[in-house]
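The values are calculated or read from the model by the stated rules, or taken from the named source; none is laboratory data. As the structure is a prediction and not an experimental result, all values here were calculated from the model. All Cβ positions, even for glycine, are placed from backbone atoms using ideal geometry, and neighbour counts span all protein chains on display.
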Amino acid sequence: MAIDVTDATFETEVLLRSDTQAVVVDLWAPWCGPCKSLGPILERVIDETEDVVLCKVNVDENPKISEVFQVQSIPAVYALKGRAVVDGFMGAIAEDQIREFASRLVRAPSETDLLVEAGDEESLRRALDLEPDHIEGVTRLAELLIDSGRAEEALALLERVPESQDTRHLAARARLAESHEIEILNDTVAIDARLTELLEIAKDDEVARQEFLDLLEAMDDADERKSRFRKALTSRLF
């Protein structure tokens, strides 16, 4: 049976629960036609899948959860283990695809999974030779590449997997690293000044607008400036 999750219960029902079992989060809204098609099928498949729980989130009523996953379209479905997104999809996909998605959450660790768990660059590259679109393998290697100054390779790697909160964050960091702007993320004064500067020209300058969005994406989710500057950009654009 699915669990209805709110902003107030998200940490307990989703994050803490994901420490001990796979949690599937279904982001939906009452007005969303594809959500109504997907919901019953997803519930049935997850009910039939051992040791996986389904949590449903009405995005209209729970803006904080929507912001955590940076929801851009619905339905959006994410699987979490150990408080991290490990798989997911967007849109109303077919039942056989949903069953394949669910099966990936409970299968025994494969050789690829074990290599990804090792976490070093050689192991990650071997894992992706075996399974090029392994989501956790791609994101772990991309992070390693960004941290070691190989942002262009990281961006190319991220194109292998569907967009998610993790991939958007990593792609933003990679683009900032390419433009040598990533260093200012730890400087409160510098980042405020840069965001203010970019805000003035973002409406008519696509490059500036992308850098502005990348800086916000790369900032800590708890930073109140993210919401303030997003609202400022929206008012400038519209």
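From the set of residues in segment 217-238 that are modelled with pLDDT under 85 and over 17 Å from Asp192 (Cβ atoms), which is surrounded by the most Cβ atoms within 10 Å (Cβ to Cβ)? The qualifying residue surrounded by the most Cβ atoms within 10 Å (Cβ to Cβ) is Asp221. Taken over segment 1-57, the criterion of being over 15 Å from Leu105 (Cα atoms) and assigned to a loop (DSSP other than H, G, I, E, B) is satisfied by Met1, Ala2, Val5, Thr6, Asp7, Ala8, Thr9, Ala29, Pro30, Trp31, Cys32. Are any of the residues in segment 159-170 of a type in the set (S, T, N, Q) and loosely packed, with under 14 Cβ neighbours inside 10 Å? No, because not a single residue in segment 159-170 is of a type in the set (S, T, N, Q) and loosely packed, with under 14 Cβ neighbours inside 10 Å. For the criterion of being within 20 Å of the chain's Cα centre (by Cα) and surrounded by 13 or more Cβ atoms within 10 Å (Cβ to Cβ), Arg209 fails.
Checking every residue in segment 68-77 against the condition of being more than 27 Å from Asp221 (Cα to Cα) and either at pLDDT below 90 or in contact with a Cys (Cβ under 6 Å, 6 or more places away or on another chain) (or both) gives zero matches. Among all positions in segment 216-225, there is no residue which is in contact (Cβ under 8 Å) with a residue 40 or more places away in the chain and assigned by TED's automatic domain parsing to the domain that holds Ile135. On the stretch given as segment 19-37, residues that are at pLDDT below 90 and either within 11 Å of Asn62 (Cβ to Cβ) or surrounded by 12 or more Cβ atoms within 10 Å (Cβ to Cβ) (or both) total 1. Is there a residue being surrounded by 15 or more Cβ atoms within 10 Å (Cβ to Cβ), under 14 Å from the mean Cα position of the chain (by Cα), of a type outside the set (Phe, Trp, Tyr) and closer than 14 Å to Leu141 by Cα anywhere in segment 174-190? No - not one qualifying residue is present in segment 174-190. Within segment 120-136, if we keep just the residues that are under 13 Å from Glu159 (Cα atoms) and surrounded by 14 or more Cβ atoms within 10 Å (Cβ to Cβ), the residue that is modelled with the lowest pLDDT turns out to be Ile135. Look at segment 1-18: where a residue is touching a residue at least 24 places away in the same chain (Cβ under 8 Å) and assigned by TED's automatic domain parsing to the domain that holds Ile41 and a partner is surrounded by fewer than 18 Cβ atoms within 10 Å (Cβ to Cβ) and assigned to a loop (DSSP other than H, G, I, E, B), sitting 6+ places away or on another chain with Cβ atoms under 7 Å, you get Leu15/Arg83; Ser18/Gly82; Ser18/Arg83. Within segment 133-163, being out of contact with any Pro (no Cβ under 7 Å at 6 or more places or on another chain), farther than 23 Å from His180 by Cβ and of a type in the set (Lys, Arg) holds for one residue alone: Arg140. When we screen Arg230, Arg150 for residues that are touching a helix residue (DSSP H, G or I) at 6+ places or on another chain (Cβ under 9 Å) and closer than 27 Å to Pro132 by Cβ, the only hit is Arg150.
Consider segment 58-83 and keep the residues that are in contact (Cβ under 8 Å) with a residue 60 or more places away in the chain and part of a strand (DSSP E or B). The one that is surrounded by the fewest Cβ atoms within 10 Å (Cβ to Cβ) is Lys81. Report whether or not Ser227 is touching a Phe, Trp or Tyr at 6+ places or on another chain (Cβ under 9 Å) and closer than 20 Å to Val71 by Cβ. Considered against the rule, which asks whether it is touching a Phe, Trp or Tyr at 6+ places or on another chain (Cβ under 9 Å) and closer than 20 Å to Val71 by Cβ, Ser227 comes out as no.
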